[in-house]
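Before any comments, here is the structure.
The values are calculated or read from the model by the stated rules, or taken from the named source; none is laboratory data. Because the structure is a prediction, the values reported are computed rather than measured. With ideal geometry, Cβ positions are generated from the backbone for all residues, glycine too; neighbour counts draw on all protein chains shown.
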Amino acid sequence: MQKQPLRCGKARRFHLPWTAAITLIAMAVAPSAHASLFSGETLDAVANGAAWVVLFIAPLAAIGIFLIIHILPEKIAEKKQHPQLDAIKTLCLLSLVFGGMLWPLAWLWAYTKPVVHKLAYGTDKVPVHGSDDALHPLEDAKADVSKES
């Protein structure tokens, strides 16, 4: 089998004079660039305002949003009357300590149906606790003292 010789055709070259001319025309037509819309004292005031926002306001807003997002599973479990609400609250607090790693588990747990709880107690919901259901240790102690005397 005979090998065909490689063809050495002429490669298309860019024409340097045309390229240079087009580049010069584009540079002449293009507007000059400015670093900012503001100048002088206005530029200083805008830069100071941006620095305050970046250094103080944005981190506080980020921390607030982070905390609000982390109590969402707790609110969902409370709304659904989940019987393991206290455990979900604890998992939300632990998630804050561990940088949000446990938050998806708390979210899933808040949305799950407590099947085993229903088998054990006959219901999968716990009645909402009113303000009367809260513990009042000082009032309970006073009531115990008054009963004894």
Inset, instruction - Kindly provide the set of residues from segment 70-90 that are in contact with a Phe, Trp or Tyr (Cβ under 9 Å, 6 or more places away or on another chain) and part of a helix (DSSP H, G or I), ordered by number. - result: 70, 72, 73, 76, 77, 87, 88
Inset, instruction - Go through 67, 105, 93 for me and flag whichever is in a helix (DSSP H, G or I) and modelled with pLDDT under 90. - result: 67
Inset, instruction - Within segment 25-58, count every residue that is surrounded by 10 or more Cβ atoms within 10 Å (Cβ to Cβ) and either of a type in the set (Lys, Arg) or not in a helix (DSSP H, G or I) (or both). - result: 2
Inset, instruction - Please verify whether segment 76-97 includes one or more residues that are surrounded by 14 or more Cβ atoms within 10 Å (Cβ to Cβ), polar (S, T, N, Q), within 16 Å of the chain's Cα centre (by Cα) and more than 30 Å from residue 38 (Cβ to Cβ). - result: yes
